[in-house]
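Written below as structure tokens is the structure these notes are about.
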Amino acid sequence: LVKDIGIEKTLMYLQANQEALQTYEELCQNIECNFETKPSYVYSLDDPWKIVQELGALDDIGFEAHFRKIKELPFKTVGAVCFEQQAQFHPLKFITSIVRDLNIYEHTFVKELKENKAVTNQGNITFQKIIFVTHFPMDNKHGMYFMKMYQHRSYVIALKGAADVKGMYIDERDKGLSFRNYGEYLLLGGGSHRTGKKGGNWSELREFANKYYPKAKEIAFWATQDCMTLDQIPYIGQYSKSRKDYYVAAGFNKWGMTSSMVAAKILTDLIMEKENPYAEVFNPSRSMIKPQLFVNIGESTMNLLKFGKKRCPHLGCALEWNEVERSWDCPCHGSRFDEGGGVIDNPATGDLEIK
């Protein structure tokens, strides 16, 4: 981030996330959601220079972090950047508490969006302002989000009888593993890949667990899908320059807990017409000219030109069969469909026709 947007904006990005953490800490004093303060580590297996560079960048922006040797993980590392006073909590327990007095309406398909009206099968919903928090933004007509984002899958297994790693760990490599404990379980994450591509999935995690935690027992497994932006910063703010009453929060880049709180604060201020010191950093209309843009364009072009494949109803890309999860996946924008064609991940809003 320092190389891309400079020291000042990088510090603003960090401060926004730290303030989000502090807000959670305050809220969770009255919510039973297993809130725990723990150190967070970014480790490297074989490249100490990356750790040195990261510590240098943090020093440049005036944030205190430390070099640590890692003893808790079952393999050798060359060290880690340690962020003290970070935290984890149970998100479903947290959400269950905060939504208790809200009216939430589900299973309403929006067929069309007009300037201040959402057209549905049951009737029209009129609004003064609207916030899109649909994971991948659902309106293709504005904002160019289908070019500004792609989706990424990652996998987790929960192990009983494995080690307590006494913190939260993430590899500096995109393909690395993450570790954290929840109660008596070790949560092992990794196997990630761009949606529609091949990856290590649960097989990679199980091989690792068998090798390093042979006495542990797997008690659960799951996968997640995240929206990734061009520059690793979420899109939070006005949906596009041409839609002043539309707002969006998307592209959390696997950093959703603090990013969602940042979004809550920024969008509240924007809608209430107040200044927010961090809005500029997360502005969805910032420059798209990033290397990832051309990767996204290349993926879309290749898949649009493929013949003889099932096509995604979103924008017509060729779908790939995901043997591990038994689904049809779109490498362009990340839509997914079950074996019968039912949509299970957007931006596609309709089912796939299976003949």
Looking at region 208-240, which of its residues are outside any loop (DSSP other than H, G, I, E, B), open to solvent by 20 Å² or more (accessible area, probe 1.4 Å) and not aromatic (Phe, Trp, Tyr)? 210, 211, 217, 218, 219, 220, 223, 224, 226, 228, 238
Name the residues in region 46-78 that are within 26 Å of residue 212 (Cβ to Cβ), within 24 Å of the chain's Cα centre (by Cα) and not β-branched (Val, Ile, Thr), would you? 50, 54
Which fully enclosed helices (runs of 4 or more DSSP H) of region 241-340 have 2 or more residues being surrounded by fewer than 19 Cβ atoms within 10 Å (Cβ to Cβ), without any contact (Cβ under 8 Å) to a residue 40 or more places away in the chain and small (Gly, Ala, Ser)? 256-271
Region 341-355, subset in a loop (DSSP other than H, G, I, E, B) and among the hydrophobic types (A, V, I, L, M, F, W, C), residue surrounded by the fewest Cβ atoms within 10 Å (Cβ to Cβ): 354
Those residues of region 1-33 which are touching a helix residue (DSSP H, G or I) at 6+ places or on another chain (Cβ under 7 Å) and farther than 19 Å from residue 255 by Cβ, in sequence order: 7, 31, 32
Pick from region 106-150, criterion of a type in the set (Phe, Trp, Tyr) and touching a strand residue (DSSP E or B) at 6+ places or on another chain (Cβ under 9 Å), ranking: farthest from residue 228 (Cα to Cα): 127
So residue 114 passes all but one of these: (1) charged (D, E, K, R); (2) over 30 Å from residue 2 (Cβ atoms); (3) surrounded by 10 or more Cβ atoms within 10 Å (Cβ to Cβ). Which condition number does it fail? (3)
Of the residues that sit in region 114-126 and are in contact with a Lys or Arg (Cβ under 8 Å, 6 or more places away or on another chain) and hydrophobic (A, V, I, L, M, F, W, C), which one is farthest from residue 142 (Cα to Cα)? 125
Count, please, the residues in region 124-143 that happen to be open to solvent by 30 Å² or more (accessible area, probe 1.4 Å) and at positive phi. 1
What's the number of the condition residue 180 fails, among (1) open to solvent by 50 Å² or more (accessible area, probe 1.4 Å); (2) outside any loop (DSSP other than H, G, I, E, B); (3) out of contact with any Lys or Arg (no Cβ under 9 Å at 6 or more places or on another chain)? (3)
Which condition from (1) part of a strand (DSSP E or B); (2) open to solvent by 20 Å² or more (accessible area, probe 1.4 Å); (3) not β-branched (Val, Ile, Thr) is the one that residue 186 breaks? (2)
Take the conditions modelled with pLDDT under 95 and buried (at least 22 other Cβ atoms within 10 Å of the Cβ) and apply them to residue 196. Does it pass? yes
When residue 146 is run through (1) in a strand (DSSP E or B); (2) open to solvent by less than 60 Å² (accessible area, probe 1.4 Å), the failure sits at (1)
Could you grab the pairs with beta carbons closer than 6 Å, sequence gap of 6+ or different chains, first residue in region 12-29 and within 24 Å of residue 96 (Cβ to Cβ), second one open to solvent by 50 Å² or more (accessible area, probe 1.4 Å)? 28/35
On the given criteria, is residue 170 in contact (Cβ under 8 Å) with a residue 24 or more places away in the chain, open to solvent by 60 Å² or more (accessible area, probe 1.4 Å) and touching a strand residue (DSSP E or B) at 6+ places or on another chain (Cβ under 6 Å)? yes
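The values are calculated or read from the model by the stated rules, or taken from the named source; none is laboratory data. Being a predicted model, the structure only gives us computed values, none of them experimental. Counting neighbours? That spans all protein chains shown, and the Cβs are built from the backbone with ideal geometry, glycine included. We work out accessible area using only protein heavy atoms, side chains counted, and drop any ligands, DNA or RNA first. Shrake-Rupley method; radii C 1.70, N 1.55, O 1.52, S 1.80 Å.
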